[in-house]
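Trainee: Before we start, here is the structure in question, set down as structure tokens.
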Amino acid sequence: MKRRLSFKSRRHTFPSHEEPAKRQKWMRRRSESSSAQDWGNLPHHVVLQIFQHLSLIDRAKASSVCRCWNDVFHTPDLWRRFEFELNQSATSYLRSTHPDLIQQIIKKHAQHLQYVSFKVDSCTESAEAACDILSQLVNCTIKTLGLISTARPSFMDVSQAHFVSALTVVFVNSKSLSSIKIDDTPVDDPSLKVLVANNSDTLKLLKMSSCPHVSPAGILCVADQCHGLRELALNYHLLSDELLLALSSEKRVHLEHLRIDVVSENPGQTHFHTIKRSSWEALIRHSPKVNIVMYFFLYEEEFEPFFCEDTPVTHLYFGRAVSKEMLGRIGLNCPRLVELVVCANGLEPLDEELIRIAERCQSLTAIGLGECEVTCSGFVEFVKMCGGRLTQLSIMEEVLIPDSSFNIEQIHSEVSKHLGRMWFPDMMPTW
């Protein structure tokens, strides 16, 4: 009871006859204490950092809390990076950027945009909407531009004139583009010339695989003029001896990453040319650390022009079946190989081919085998030769054929011993 009375004695109470001035002073002190905890009084830079971690929708909702937060919402730093999501609600489950917001961005923040991407679904209407937005970005200084089709390449269904006209607006007005990703689009040689004329000093990355309207001469124009280019991705039909020599010129900054897609949709109807060994050697002399990545989607009879002599490829991915003969060539002629992924091979064991790759490809650190066959003894020998340098080893259990030396239960411990870490073969999902 005494403790309760003592507690009550510490409470702030004001009798009805107390002076009004003292009551007002006390109320003012309480108000000041409360305002110190008001979220609206957070420093501008703190609110800005919070907004940077919010989605666009949540950021827009938060901007209606108070005038201070609304001012932060329109800070240029928040609009330097933006992804336009354009989808048709009838055919896509993805949320689309609201048209009103798009217009607000174009009117108020176009000059702030620097890192812009467009993600569209498979509908032509979405790709056309992206082109309409691009054509309005006349007061911008975009540094990176990406056009992404989440399903089929819908930009290819847009009128080429419409697409090129919209893209040219960005090429002409930006003046400082450093990274462009325009895979699966109807970009053409004249638009690349516009790109070079306005951004040759700043362009460092260009990804344009599956662009059928670009010729070898068009990509050669980029290589001749854009001396700071560090990364390039293109289809094999655009690769030429002249291009490799242009990428090896003394004026050029060293290329770091070259990705080449080798694709055939109709077996026997696509002709693949051969690149001279001297052209590859010129590129390696100039850029000794360049990663050369090749993705193959060919039929077995179409591999004849490849890897007949030394090829400085570092990463190889085969999306379709590849023959034993081709894997044997890789072991002989790809000494810089770092990573090899084989989707399928057939029913003949690959022991000899893997052992040859282990012998000749001293930089190999990663390998993945899908629908192939390797005896357990051959696989153990391969791992033993590569040793601990294999940082990634992905082999389906079905690939391994038990023999007189090892069965499936024994192989994981033997491979783990040579790798210097625990390893198990991958298991096929049972669902």
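The values are calculated or read from the model by the stated rules, or taken from the named source; none is laboratory data. Owing to the predicted nature of the structure, the values given are computational and were not obtained by experimental measurement. No Cβ is skipped: glycine too gets one built from the backbone with ideal geometry, and neighbour counts run over all protein chains shown. For accessibility, only protein heavy atoms count, side chains too; no ligands or nucleic acids. Shrake-Rupley method; radii C 1.70, N 1.55, O 1.52, S 1.80 Å.
Trainee: Testing the spin-label approximation: label points 7 Å from Cα along Cα→Cβ at Asp132 and Val46. State their distance in nm.
Mentor: Rounded to a tenth, the inter-label distance reads 4.3 nm.
Trainee: Add +1 for every Lys or Arg and -1 for every Asp or Glu among the other residues with Cβ under 11 Å from the Cβ of Glu85, and state the total.
Mentor: Summing Lys and Arg as +1 and Asp and Glu as -1 gives 0.
Trainee: Given the peptides 293-303, 311-321, 395-405, arrange them by the average over their residues of other C-beta atoms within 10 Å, most packed first.
Mentor: Numbers: 293-303: 17.7, 311-321: 19.3, 395-405: 16.0.
Ranking, from highest mean packing down: 311-321, 293-303, 395-405.
Trainee: Further question on the same structure: What percentage of the solvent-accessible surface of the chain, computed with a 1.4 Å probe over protein heavy atoms, is contributed by carbon and sulfur atoms?
Mentor: Whole-percent figure for carbon plus sulfur exposure: 52.
Trainee: For segment 286-350, just say rounded, prolate or oblate: build the C-alpha gyration tensor, square-root its eigenvalues into a ≥ b ≥ c, call rounded for a/c under 1.5, and beyond that prolate if a/b exceeds b/c, oblate if not.
Mentor: Note, shape of segment 286-350 comes out prolate.
Trainee: Remind me, relative contact order of segment 79-419 in percent, using alpha carbon pairs under 8 angstrom and six or more residues apart?
Mentor: 8
Trainee: Could you check the spin-label model distance between Leu347 and Leu54? Points 7 Å from the Cα along Cα→Cβ, value in nm.
Mentor: Each label point lies 7 Å from its Cα, and together they span 6.3 nm.
Trainee: Amide H to amide H, which residues 5 or more places from Asp426 or on other chains are under 5 Å from it, using H placed in the peptide plane?
Mentor: Ile395, Met396, Glu397
Trainee: For Ser215 and Met422, calculate 0.36 nm times their separation in residues minus their Cα-Cα distance, and state this gained length in nm to one decimal. Intermediate results must be reported in sequence, preceding the final value.
Mentor: On the way: separation 207, 0.36 × 207 = 74.52 nm, distance 4.92 nm.
Here the segment from Ser215 to Met422 would lengthen by 69.6 nm.
Trainee: Using the heavy atoms of the protein chains alone and a 1.4 angstrom probe, what is the accessible area of the chain per residue in square angstrom?
Mentor: Averaged over the residues of the chain, the accessible area is 53 Å².
Trainee: Additional query: Taking each full run of DSSP H in the chain as one helix, which ones are at least 24 Å long along their axis (Cα atoms) and have mean Kyte-Doolittle hydropathy of at least 1.0? Walk me through the numbers on the way to the answer.
Mentor: On the way: long enough: none.
Qualifying helices, which must be both long enough and hydrophobic enough, do not occur.
Trainee: If we count every other residue with Cβ under 13 angstrom of Leu337's Cβ, Lys/Arg +1 and Asp/Glu -1, where does the sum land? Kindly include the intermediate steps, with their values, before the conclusion.
Mentor: Working: positive: Arg329, Arg336, Arg356, Arg360, Arg389; negative: Asp310, Glu339, Glu353, Glu359.
Result for the neighbourhood of Leu337: +1.
Trainee: While we're here: Counting helices only, and only those DSSP H runs with n ≥ 4, report the 222 nm mean residue ellipticity of the chain as the sum of -39,500 (n - 2.57) divided by its residues, in deg cm²/dmol to the nearest 500.
Mentor: -11000 deg cm²/dmol
Trainee: Pop the C-beta distance of Ser413 and Arg389 into the FRET formula with R0 = 22 Å and round what comes out to the nearest 0.05. Mind showing how you got there, number by number?
Mentor: Working: r = 20 Å, r/R0 = 0.91.
Efficiency for this residue pair is about 0.65.
Trainee: What's the ranking of 238-246, 261-269 by average number of surrounding C-beta atoms within 10 Å, highest first?
Mentor: Packing order, densest peptide first, comes out as 238-246, 261-269.
Trainee: Kindly state, to the nearest 0.05, the FRET efficiency for Val172 paired with His254, given R0 = 22 Å and r defined as their beta-carbon distance.
Mentor: About 0.15, to the nearest 0.05.
Trainee: Can you give the extra length, in nm with one decimal, that the chain gains between Arg277 and Gln160 once fully stretched, where that is 0.36 nm per residue apart less the Cα-Cα distance?
Mentor: 38.4 nm
Trainee: What is the packing order of peptides 71-82, 143-154, taking the mean over residues of other C-beta atoms within 10 Å and listing the highest first?
Mentor: Final packing ranking: 143-154, 71-82.
Trainee: Based on C-alpha coordinates, I'd like the Rg and Dmax of the chain, in Å.
Mentor: For the chain, the Cα radius of gyration and maximum Cα-Cα distance read 30.8, 105 Å.
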